[in-house]
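Novice: Please see the structure below; I have some questions.
The values are calculated or read from the model by the stated rules, or taken from the named source; none is laboratory data. This one's a predicted model, so the numbers in the text were calculated from it and none came from an experiment. Neighbour counts are summed over all protein chains in view; Cβ atoms, including those assigned to glycine, are modelled from backbone coordinates with ideal geometry. Just so you know, the surface numbers come from the protein's heavy atoms only, side chains and all, with ligands and any DNA or RNA stripped out. Shrake-Rupley method; radii C 1.70, N 1.55, O 1.52, S 1.80 Å.
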Amino acid sequence: TPYDGIDNEVFAAAPDALRCALEEDAGWLDHWDFDLDGPLLGDAGCSIADAGNLKTSPLDGQTNRRLISAATGEIISRCALPVMMGGDDSTPIPLIEALKPLGPLTIIQIDAHIDWRDERRGEPMGYSSTMRRASEFDHVQNIIQVGIRGLGSARREEVEIAREWGAKIITARE
């Protein structure tokens, strides 16, 4: 299969680890945030809801993408904004695609890598190709990539394609 040698299981605990790390802060939402000069969620009656984990399979990318797309569509249909946490490089692709009704979009990616490969190990919808796929959606207007660093992030061709598309790449050093 295209996923031979790529094990996504290491990402399975990420959402629960994030929930645990943020649990204490959840009690402070009504407190003043000096970085925002007001409460974290503002005064407009905004709220946050945890929709839970999707039951995905680490070796079934195609089904996982359908589940993510359907869940994103359901959240949008309820006039809510989805926030995805956890997962590998393949998980944002169906989320970004399903956000089409909210476009045009600007994507801000915070990562060490630019993820502009066309495919890796025969898989065009996974590792290292997230922003390349995002750039192909008509509703994605801008891509800003922050924190890019280190070797292995990209080859010359991918950097040139990203820059030609108009991606704004901001290195970790910057």
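Novice: Using a 1.4 Å probe over the heavy atoms of the protein chains, calculate the carbon and sulfur portion of the accessible area of the chain as a whole percent.
Specialist: 54 percent
Novice: How high is the FRET efficiency between Ile48 and Ala13 when r is their beta carbon distance and R₀ equals 22 Å, given to the nearest 0.05?
Specialist: With a Förster radius of 22 Å, E is 0.55.
Novice: Moving on to the next point. Once the Cα atoms of helix 61-77 and of the chain are each reduced to a long axis, what angle between those two axes, in degrees from 0 to 90 to the nearest 10, is obtained?
Specialist: The helix 61-77 is inclined about 30 degrees to the chain.
Novice: For the residue pair Arg78 and Glu157, what label-to-label distance in nm results when each label sits 7 Å from Cα along the Cα-to-beta-carbon direction?
Specialist: 4.3 nm
Novice: Can you give the accessible area per residue of the chain, in Å², using a 1.4 Å probe?
Specialist: Per residue, the chain has 67 Å² of solvent-accessible surface.
Novice: From Cα pairs below 8 angstrom and at least 6 apart in sequence, can you work out the relative contact order of the chain, rounded to a whole percent?
Specialist: 18 percent
Novice: Show me the ranking of peptides 92-102, 25-35 by mean Cβ neighbours inside 10 Å, starting with the highest.
Specialist: Taking the mean over residues of other Cβ atoms within 10 Å, the ranking is 92-102, 25-35.
Novice: How much of the pair distance distribution for region 9-94 lies past 23 Å, counting alpha-carbon pairs only, in percent?
Specialist: 36 percent
Novice: How would Met85, Met131 rank on accessible area, largest to smallest, probe 1.4 Å?
Specialist: Met85, Met131
Novice: Return the sequence-ordered ³J(HN,Hα) values of region 109-126 in whole Hz as given by the Karplus equation 6.51 cos²θ - 1.76 cosθ + 1.60 applied to θ = phi - 60°, using x for Gly and Pro.
Specialist: 9, 10, 6, 7, 10, 7, 6, 10, 5, 6, 6, 9, 6, x, 10, x, 10, x
Novice: Further question on the same structure: Over all directions, what mean area does the Cα convex hull of region 69-174 project, stated in square nanometres?
Specialist: That works out to 6.9 nm².
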